[in-house]
Amino acid sequence: MSPLHDTPILGMVARLQVQVPTEYGNDANFWTEWPSGLVDVSRTTHIPSVSDGAQAETPPLTEGLVDIPVDGERTVRVKKESTALVVVDMQNFFLHPELRDHPTGLKCVDPLMKIIPPLRDLGIKILWVNWGLTDHELRTIPPSLVRGFMKNGRGGFGSELPGGFGRLLMRDARNSELYEPLQAEWLKGKNAGTDFWIHKNRISGLWGYQSSLDLFLQENGITTLLFSGVNADQCVAGTLVDAYFRGYDCILVEDCTATTSPEGGLANVVYNAGNSYGFVTDSKRLAAL
């Protein structure tokens, strides 16, 4: 007989739907899950008390909330003003054909372009989370990370790239700009006040104490994050997992996420996003909201 604690931890994709309304968390920070398949992460309505033998009914969708279909025959209800799309590292350095061969990353551009306008219309913020180093930060990056961005002991952070792309992943360099047409889309959102550019200086955008991303999320009351970008099993996963550790609600947008890693890299991230860290959806379901 296997020990009780060997029972696998099942996420929302694998586990059966609840039989009775179930609440997780505490009075201030909570989710509710319903037999209908609804998982309400808006933190707006507790499960009401009912008489013996009765069961509370699934709450209706109200103004300010939106239901997002996800894998596992679930629907996640979020608060629009507390939700953001996090777009990780869709930059020239990772996507531009003159710098890198990343066909799966380029395939993410079109679905991203299709979901960003409707998400903006809902009042969901768009956060462009990108590498953007300063000369001071070059002196503080750990050697393991420095080595990872060098080839044969050459190049690396801050080195000059050919073709007018500027210094590698430094702020305001051409290689650090978003890959077109995303750069134009970001500028459109910036001018409209819906989009925000957030620099990062590690694989994860949420590493350490008081990162720029974490401060922005806290100051703006954001609790639910939709994740997209490259590379899935590196910077996207690093940021998503750190968000999960900090208590944010995590939803991976599968067809807006890619990696250069061998087969299995993306699948592992998708599996864990839906089975451990939160939920998985795609651009078609988001565009239809």
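Tabulated data for the structure shown
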quantity: Residue identified as over 22 Å from Cys108 (Cα atoms) and in contact (Cβ under 8 Å) with a residue 40 or more places away in the chain among Ser228, Ser276, Ser283; calculated: Ser276
quantity: Residue ID - nearest to His96 (Cα to Cα), chosen from residues in region 142-170 that are outside any loop (DSSP other than H, G, I, E, B) and touching a residue at least 24 places away in the same chain (Cβ under 8 Å); calculated: Leu161
quantity: Boolean, His136 is more than 17 Å from the chain's Cα centre (by Cα) and either within 15 Å of Lys188 (Cβ to Cβ) or surrounded by 19 or more Cβ atoms within 10 Å (Cβ to Cβ) (or both); calculated: no
quantity: Top-ranked residue in region 244-255 [being within 13 Å of Gly278 (Cβ to Cβ) and in contact (Cβ under 8 Å) with a residue 40 or more places away in the chain; ranked as surrounded by the most Cβ atoms within 10 Å (Cβ to Cβ)]; calculated: Ile251
quantity: Qualifying residue in region 212-230 (condition: touching a Ser or Thr at 6+ places or on another chain (Cβ under 8 Å), at negative phi and of a type in the set (Gly, Ala, Ser)); calculated: yes
quantity: Gly156 at pLDDT 95 or above, in the same structural domain as Leu206 (by TED's automatic domain parsing) and either surrounded by 12 or more Cβ atoms within 10 Å (Cβ to Cβ) or polar (S, T, N, Q) (or both); calculated: yes
quantity: Flag if Ser49 is more than 19 Å from the chain's Cα centre (by Cα), over 18 Å from Asp195 (Cβ atoms), of a type in the set (Gly, Ala, Ser) and assigned to a helix (DSSP H, G or I); calculated: no
quantity: Trp186 being part of a strand (DSSP E or B), over 12 Å from the mean Cα position of the chain (by Cα) and not basic (Lys, Arg); calculated: no
quantity: Test: residue in region 231-241 that is surrounded by fewer than 19 Cβ atoms within 10 Å (Cβ to Cβ) and among the small types (Gly, Ala, Ser); calculated: no
quantity: Residues of region 245-289 satisfying the condition of being closer than 19 Å to Lys80 by Cα and aromatic (Phe, Trp, Tyr); calculated: Tyr248, Phe279
quantity: Answer residue from region 47-69, given it is over 30 Å from Glu254 (Cα atoms) and of a type in the set (D, E, K, R) and is surrounded by the most Cβ atoms within 10 Å (Cβ to Cβ) among those; calculated: Glu57
quantity: Residue that is surrounded by the fewest Cβ atoms within 10 Å (Cβ to Cβ) [pool: residues in region 256-283 that are more than 12 Å from the chain's Cα centre (by Cα), of a type in the set (S, T, N, Q) and within 21 Å of Gly72 (Cβ to Cβ)]; calculated: Asn268
quantity: Out of Pro97, Pro60, sole residue that is free of Cβ contacts under 8 Å to residues at least 24 places away in the same chain, assigned to a loop (DSSP other than H, G, I, E, B) and within 24 Å of Ser228 (Cα to Cα); calculated: Pro97
quantity: Top-ranked residue in region 174-218 [being without any contact (Cβ under 8 Å) to a residue 12 or more places away in the chain and within 27 Å of Met150 (Cβ to Cβ); ranked as surrounded by the fewest Cβ atoms within 10 Å (Cβ to Cβ)]; calculated: Gly208
quantity: Selection within region 31-46 - surrounded by 20 or more Cβ atoms within 10 Å (Cβ to Cβ) and small (Gly, Ala, Ser); calculated: Ser42
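The values are calculated or read from the model by the stated rules, or taken from the named source; none is laboratory data. Because the structure is predicted, anything quoted here is derived from the model rather than measured. A quick note on method: Cβ atoms are made from the backbone with ideal geometry, for glycine too, and the neighbour counts reach across all protein chains shown.
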